[in-house]
Amino acid sequence: MQINVKNPKLELVFKYFEEISKIPRGSGNEKQISDYLVQEGKRLGLEVIQDETLNVIIKKPASPGYENAPAVILQGHMDMVCEKNKDVEHDFLKDPIELQVKGDYLYANGTTLGADNGIAVAMGLALLASHDIKSPKLEVLFTVNEEVSMEGAMNLDGKYFDGRYIINLDSEEEGKITVSCAGGVTAIVNIQKELKDITPKQTYVISIKGLKGGHSGIEIDKKRANSNILMGRILNNLSNSNVEYDLISISGGLKNNAIPREAEAIITLEKDNEEKANDVVKSILSVFKNEFKTSDPGIVVEMNKVQEVHQRALSEQVQDKVIKVLNLMPRNIQTMSADIDGLVESSTNLGVVVTEDDSIKFEFATRSSVKSLKDDLNDRMKLLADAIGVKLELEDDYPEWEYAKDSKLEQICVETYEKLNGKKPEIVAIHAGLECGLLLDAIESAQAVSIGPNLFDVHTPDEHLDILSTERTWEYLVNILENIK
C-alpha cells in the first residue's frame with residue numbers, strides 16, 4: 001500500500017495501521033491484537049501492562065526537559081465494528097482487512113475499514129516508537145470491546161496511571177474538540193419462540209437492502225432508514241391489507257450501535273395471496289422511496305419465491321408480538337438538547353433482530369447525554385414490553401461524560417490549535433458514546449478531551465479515512481504534547 005504523505009512520521013502511523021489491519025480484531029476477538037501490542041511495546045523496550053480484560057498500557061518516559069511535566073494518557077480502543085457487503089466473501093475471525101487508497105482517502109475492500117479506532121492505535125504506537133518528539137511521560141492505553149459493551153474501560157483499574165490529562169483519539173471530525181458525550185445502555189427484548197404446524201405453501205423471502213446505515217450515535221440525526229423498522233412496517237402493512245401469511249423467521253442488522261442496512265423476513269402464503277402481497281410490497285416501496293429520497297435513495301425492497309418448504313411457522317401470538325415490537329418500541333431521535341444547538345439529546349436504535357433456536361431477539365442501543373432521560377427511555381420500553389408480553393433486559397450501562405468547562409487541558413488544546421491554524425477549534429458535545437466517562441470514573445481528578453481526523457461512514461463498508469486530515473491531526477497531537485509542560 002502506497003500512501004503519499006508530507007510528514008515522514010506519518011509513514012510510521014500508516015505502517016502500523018497496515019500491520020494491525022492484518023490482525024482480526026472484531027469486538028470480543030481482541031486476544032491476538034492485544035498480544036501484538038504487548039509484543040510491540042516490549043520490542044520498543046518500554047514498560048507494558050496487559051490486564052485481565054486484555055487492555056494494554058504502554059508507558060514511555062518523558063523527553064529531556066519534560067521530566068516535571070504532567071503525564072499524559074493517550075487512549076483509543078483496539079476493537080472494530082465488523083460489517084461487510086452481502087456479496088463480499090470475508091471472515092472477520094481470520095481474514096485481514098484489504099486496504100485501498102482512493103485519491104486522498106483510505107478505504108477497505110467491501111468491509112469496514114477499522115480506522116474507528118485503529119487510527120488511534122496506529123498513532124499511539126508511532127508516538128511510542130518515535131525518538132525525536134518532545135513530550136511528557138506518555139501512558140498509552142488501548143482498550144477492548146468498546147464497540148459492544150465498553151468492557152475494557154468498565155474494568156479499568158486507575159492504579160496503573162500517573163497521568164491526569166486524558167487525550168482520547170476516538171473522535172471523527174477534524175477541527176473539533178469533544179468535551180462531552182452521551183451515556184448509553186443496551187436494551188434486549190426477547191420473544192419466546194412458539195411454533196405451529198402449517199400446511200406447506202409457497203415460501204417467499206422479503207428483503208430490504210441498499211441503505212446507507214451508519215453510526216447509531218453520530219449519524220442518527222441524518223434521518224437514515226433503519227431496515228429493521230422498515231421490515232416491521234412491511235409486515236404490519238401485509239396484515240392490515242388482509243394478506244394471510246405465516247412468518248417463519250426475521251433477521252436484520254449485525255451490531256446494535258450501527259443503523260442496520262439490510263433485513264430479511266421469510267414468510268409462506270397461499271398462491272392466491274401472492275399477487276396481493278406483491279402489490280403491498282411494491283406500494284410500500286414507493287412510500288419508502290418518497291420518505292427516504294434524500295437520505296437513502298438506493299433503497300431496494302424485494303419479495304422473491306424460494307424453494308424451501310416449511311411445515312412449521314411462528315404462532316399467531318408470536319407473530320403479533322414481533323410486529324408490535326418492531327412498530328411500537330421507541331426508535332430514532334427522542335429528544336434534542338435545549339442547551340446545545342443541533343445536539344441529539346436522547347435516542348434509540350434497533351440495530352439487531354435475529355431469530356434464534358428458542359427466541360426472537362431484538363437489540364436496541366439507547367443513548368442520552370442526560371441520565372434521567374436514559375432512565376425514562378428504559379422505563380417506557382419496560383412498560384411497552386410488559387404490555388406486549390415480552391421480556392426486556394438491560395445490559396452494558398455506561399455513564400455520560402459531563403462537560404468540565406475551561407479545563408486546563410482544554411485550554412492547551414485550544415491554544416495549540418489556534419497557533420497552528422489561525423482560528424479557534426469548535427468545542428463540541430456528541431451523541432455517540434466515548435469511553436471518557438468511564439476513564440474519568442476510574443482515574444481520580446483527571447481531565448479529558450477527544451480529538452481525531454475526519455472519518456466518514458463509520459460502522460459501514462463505506463467507511464473511509466481522510467489521509468490529509470490524518471496528517472494534520474498527527475501534527476496537532478504532536479504539538480499538544482510539546483505544549484504540555
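The values are calculated or read from the model by the stated rules, or taken from the named source; none is laboratory data. All of these numbers come straight from a predicted model, not from anything done at the bench. Cβ: placed from backbone, ideal geometry, glycine included. Neighbour counts: every protein chain shown.
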Quiz item: Given the structure, is residue 62 hydrophobic (A, V, I, L, M, F, W, C), at negative phi and in contact with a strand residue (DSSP E or B) (Cβ under 9 Å, 6 or more places away or on another chain)?
Solution: yes
Practice problem: Determine whether the range 82-101 contains at least one residue that is crowded, with 19+ Cβ neighbours inside 10 Å, under 25 Å from residue 183 (Cα atoms) and in contact (Cβ under 8 Å) with a residue 60 or more places away in the chain. | Solution: yes
Practice problem: Can you run down the residue pairs with Cβ atoms below 8 Å, 6 or more apart or on separate chains, where the first is in the range 197-209 and more than 17 Å from residue 285 (Cα to Cα) and the partner is part of a strand (DSSP E or B) and among the small types (Gly, Ala, Ser)? | Solution: 198/313
Exercise. Out of the residues in the range 122-154 that are under 20 Å from residue 13 (Cα atoms), within 29 Å of the chain's Cα centre (by Cα) and of a type outside the set (A, V, I, L, M, F, W, C), state the one that is surrounded by the fewest Cβ atoms within 10 Å (Cβ to Cβ).
Key: 139
Exercise. Kindly check whether there is at least one residue in the range 217-225 that is assigned to a strand (DSSP E or B) and surrounded by fewer than 16 Cβ atoms within 10 Å (Cβ to Cβ).
Key: no
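For the range 245-263, indicate whether the set of residues that are assigned to a helix (DSSP H, G or I), more than 17 Å from residue 365 (Cβ to Cβ) and either charged (D, E, K, R) or under 26 Å from the mean Cα position of the chain (by Cα) (or both) is non-empty.
Residues of the range 245-263 assigned to a helix (DSSP H, G or I): none.
No, the range 245-263 contains no residue that is assigned to a helix (DSSP H, G or I), more than 17 Å from residue 365 (Cβ to Cβ) and either charged (D, E, K, R) or under 26 Å from the mean Cα position of the chain (by Cα) (or both).
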Exercise. Would you mind finding the one in 230, 211 that is modelled with pLDDT of 95 or more, out of contact with any Lys or Arg (no Cβ under 9 Å at 6 or more places or on another chain), under 20 Å from residue 260 (Cβ atoms) and not in a strand (DSSP E or B)?
Key: 230
Quiz item: Quick one: which of 152, 184 is touching a residue at least 12 places away in the same chain (Cβ under 8 Å) and in contact with a Phe, Trp or Tyr (Cβ under 7 Å, 6 or more places away or on another chain)?
Solution: 184
Quiz item: Counting just the residues of the range 236-264 that are within 16 Å of residue 354 (Cβ to Cβ) and either among the charged types (D, E, K, R) or in contact with a Phe, Trp or Tyr (Cβ under 9 Å, 6 or more places away or on another chain) (or both), which one comes out modelled with the lowest pLDDT?
Solution: 255
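Please work out if residue 338 is part of a loop (DSSP other than H, G, I, E, B) and more than 21 Å from the chain's Cα centre (by Cα).
Values: part of a loop (DSSP other than H, G, I, E, B): yes; more than 21 Å from the chain's Cα centre (by Cα): yes.
Criteria met by residue 338.
Quick check on residue 230: is it under 29 Å from residue 283 (Cα atoms) and buried (at least 20 other Cβ atoms within 10 Å of the Cβ)? Outline the logic, then answer.
Details: under 29 Å from residue 283 (Cα atoms): yes; buried (at least 20 other Cβ atoms within 10 Å of the Cβ): yes.
Taking the combined requirement at face value, the residue satisfies it.
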Exercise. State all residues of the range 178-208 that are surrounded by fewer than 20 Cβ atoms within 10 Å (Cβ to Cβ) and touching a helix residue (DSSP H, G or I) at 6+ places or on another chain (Cβ under 6 Å); if no residue qualifies, say none.
Key: 194, 202
Exercise. May I ask you to say which residue of 384, 377 is part of a helix (DSSP H, G or I), surrounded by fewer than 20 Cβ atoms within 10 Å (Cβ to Cβ), hydrophobic (A, V, I, L, M, F, W, C) and outside the structural domain of residue 101 (by TED's automatic domain parsing)?
Key: 384
Self-check item: Among (1) in contact with a helix residue (DSSP H, G or I) (Cβ under 8 Å, 6 or more places away or on another chain); (2) polar (S, T, N, Q); (3) within 18 Å of residue 145 (Cα to Cα) - the single one residue 130 does not satisfy
Solution: (3)
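Condition check ((1) over 30 Å from residue 332 (Cβ atoms); (2) within 19 Å of the chain's Cα centre (by Cα); (3) part of a strand (DSSP E or B)) across all residues:
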| site | (1), (2), (3) |
| --- | --- |
| 410 | yes, no, no |
| 417 | yes, no, no |
| 437 | no, yes, no |
| 441 | no, no, no |
| 481 | yes, no, no |
Practice problem: Can you confirm whether the range 38-60 contains a residue that is in the same structural domain as residue 151 (by TED's automatic domain parsing), buried (at least 16 other Cβ atoms within 10 Å of the Cβ), part of a helix (DSSP H, G or I) and without any contact (Cβ under 8 Å) to a residue 60 or more places away in the chain? | Solution: yes
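From the list 86, 102, 59, 42, pick out the single residue that is of a type in the set (Lys, Arg) and under 20 Å from the mean Cα position of the chain (by Cα).
Values: 102 fails: under 20 Å from the mean Cα position of the chain (by Cα); 59 fails: under 20 Å from the mean Cα position of the chain (by Cα); 42 fails: under 20 Å from the mean Cα position of the chain (by Cα).
None of the other options fit; the residue is 86.
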Quiz item: Quick one: what pairs do we get from the range 347-359, first residue under 16 Å from residue 227 (Cα atoms), second basic (Lys, Arg) and crowded, with 22+ Cβ neighbours inside 10 Å, C-beta under 6 Å, 6+ apart or different chains?
Solution: 351/255
Quiz item: Which of the residues that make up the range 74-126 are more than 25 Å from residue 156 (Cβ to Cβ) and either assigned to a strand (DSSP E or B) or among the aromatic types (Phe, Trp, Tyr) (or both)?
Solution: 84, 92, 99, 100, 101, 102, 105, 106, 107, 108, 111
